[in-house]
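To start, the structure itself, in structure tokens.
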Amino acid sequence: MLRALRDLVTTKADDFDPIRVGMIVGGLGLLTFTGYDVVGNHAHFNAVEFGTGLAAIFAGGGFGIGAKVKDEGGA
């Protein structure tokens, strides 16, 4: 389990990748704040805003990973 989590945030050279870490932290933050808004503030869940925010996080992260593919050793 720990190996799988480490593989999510490292490159092939076992260096931590700040883009991948940022994507995970951003995604978890979005889920946390959305959950707090729905449960804590009794707000209505807006799937369009949630989906747009999540898509922006993953698109930015994917662009960043794609831009530094040279660090991956030809992956």
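Bear in mind that the values in this text are calculations on the coordinates, not laboratory data. Worth saying up front: this structure is predicted, and the values here are computed from it rather than measured. Because the Cβ atoms are built from the backbone with ideal geometry, glycine has one as well, and the counts that use them run over all protein chains shown.
Below, the figures for the structure above:
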item: Distance (nanometres) between label positions extended 7 Å along Cα→Cβ at A67 and F33; result: 2.1
item: Label of the coordinate-derived value, mean projected area of the Cα convex hull in nm², listed as (1) 7.4; (2) 5.9; (3) 6.3; result: (2)
item: Ranked by how many other beta carbons lie within 10 Å on average, peptides 22-33, 44-55 from highest; result: 22-33, 44-55
item: V25 versus N46: modelled label distance in nm, points set 7 Å from Cα along the beta carbon direction; result: 2.6
